[in-house]
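Worksheet: one structure, shown below.
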Amino acid sequence: QVQLVESGGGLVQAGGSLRLSCAASERTFSSYAMGWFRQAPGKERELVAAISGTGMSTYYADSVKGRFTISRASAKNTVYLQMNSLKPEDTAVYYCAARLAYGLQYVSSEYDYWGQGTQVTVSS
């Protein structure tokens, strides 16, 4: 059982930045593809960014491309989401997720483990 713990959410003004962290309990962290999802009130959960087990491949939703950066630090069993130029429409609960696979994973149902979520609120 892999435990994922997110941190770094909060309230920020539009144009500001936040960095989310997701710490994993799994020692074979590099065997897991990771993703960041978000869910706003009344909306479906959507994939924001994903990274392969090696970190060599990444994916970004069009809505965040050029503003968000996903990365991972295997030595710390942690994946990050650097969010710059935040907009009010980025407001949501952000979740990290893991799947025992090396390649990118795009569908929420493919992920095996989920964090508890962290709230990001962007004020206008």
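Extension gain, residue 102 to residue 44, is 18.3 nm, computed as 0.36 nm per intervening residue step minus the present C-alpha separation. Take the chain with all the other protein chains still there, run a 1.4 Å probe, and you get 51 Å² of accessible area per residue. Between residue 25 and residue 124, the FRET efficiency from the beta-carbon distance, with R0 = 41 Å, is close to 0.65.
Which percent of the accessible heavy-atom area of region 45-124 goes to carbon and sulfur, probe 1.4 angstrom?
Exposed carbon and sulfur together represent 48 percent of the surface.
Ranking 108, 16, 5 by Cα position along the charge dipole of the chain, where only Lys, Arg, Asp and Glu carry charges on their C-beta atoms, puts 16 farthest toward the positive end.
A DSSP coil position with no more than 14 other Cβ atoms inside 10 Å describes the following GluC sites (Glu not before Pro) in region 24-86: 44.
Express as a percent, rounded to the nearest 5, the fraction of DSSP beta bridges in the chain (both residues included) that run antiparallel. Expressed as a percentage, antiparallel bridges in the chain total about 90.
The values are calculated or read from the model by the stated rules, or taken from the named source; none is laboratory data. The structure presented is a predicted model; accordingly, all values stated were derived computationally and were not measured. Cβ coordinates were reconstructed from backbone atoms using ideal geometry, including for glycine residues, and neighbour counts include every protein chain displayed. All accessible areas refer to the heavy atoms of the entire protein, side chains included, with ligands and DNA or RNA removed. Shrake-Rupley method; radii C 1.70, N 1.55, O 1.52, S 1.80 Å.
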